[in-house]
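Report on the following structure.
Each value in this text was obtained by applying a stated rule to the coordinates, not by laboratory testing. All values derive from a computational prediction rather than experimental measurement. Neighbour counts run over all protein chains shown; Cβ positions are idealised from the backbone, glycine included.
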Ligand SMILES: Cc1cc2nc3c(=O)[nH]c(=O)nc-3n(C[C@H](O)[C@H](O)[C@H](O)COP(=O)(O)O)c2cc1C
């Protein structure tokens, strides 16, 4: 059965190593009959958490108006979420944050 695959590419380097792996994964997923989409996170506006805790109270979700709203919606509805990050300075890359 066809699945919905969401691929999050977090490297700041478009066409770099992990982004290329994302493209290959997407190709394979599509060839296997699935619906696949890649999001290159550097293109998106994603603010840092400000620790307001609205998401934990009765608001229930983030109060910030940024592209994360749409990305979260896609993550919730996807059957498969793929996250790709290079290691920069011993940790996952967060270079895409605003
Ligand atoms: C600024 C910078 C820091 C890096 N730090 C590490 C590291 O701490 N450990 C490691 O194994 N590789 C490190 N690397 C190598 C990258 O993880 C590796 O080249 C990766 O494939 C780059 O992926 P990208 O092309 O998707 O950005 C670093 C590369 C860069 C550019």
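Got a sec? Which of 50, 5 is assigned to a strand (DSSP E or B), more than 16 Å from the ligand (Cβ to nearest atom) and surrounded by 10 or more Cβ atoms within 10 Å (Cβ to Cβ)?
Values: 50 fails: assigned to a strand (DSSP E or B).
Going through 50, 5 in turn, the sole match is 5.
Could you check how many residues of region 8-47 are loosely packed, with under 12 Cβ neighbours inside 10 Å, touching a residue at least 60 places away in the same chain (Cβ under 8 Å) and in contact with a helix residue (DSSP H, G or I) (Cβ under 8 Å, 6 or more places away or on another chain)?
0
Tell me which residues, restricted to region 74-95, are part of a loop (DSSP other than H, G, I, E, B), away from the ligand (no atom under 16 Å from the Cβ) and exposed (fewer than 14 other Cβ atoms within 10 Å of the Cβ). Don't jump to the end; show me each part of the working.
The initial filter retains those residues of region 74-95 that are part of a loop (DSSP other than H, G, I, E, B), namely 78-79, 85-86, 89-90, 93-95.
Checking which are away from the ligand (no atom under 16 Å from the Cβ) leaves us with 78-79.
If the condition is that a residue be part of a loop (DSSP other than H, G, I, E, B), away from the ligand (no atom under 16 Å from the Cβ) and exposed (fewer than 14 other Cβ atoms within 10 Å of the Cβ), then 79 is the only one that fits.
How many of the residues making up region 12-39 are part of a loop (DSSP other than H, G, I, E, B) and either within 16 Å of the chain's Cα centre (by Cα) or within 16 Å of the ligand (Cβ to nearest atom) (or both)? Working first, answer last.
Going through region 12-39, the residues part of a loop (DSSP other than H, G, I, E, B) turn out to be 12-16, 32-34.
Next, only the ones that are either within 16 Å of the chain's Cα centre (by Cα) or within 16 Å of the ligand (Cβ to nearest atom) (or both) stay: 12-16.
Matching residues across region 12-39 total 5.
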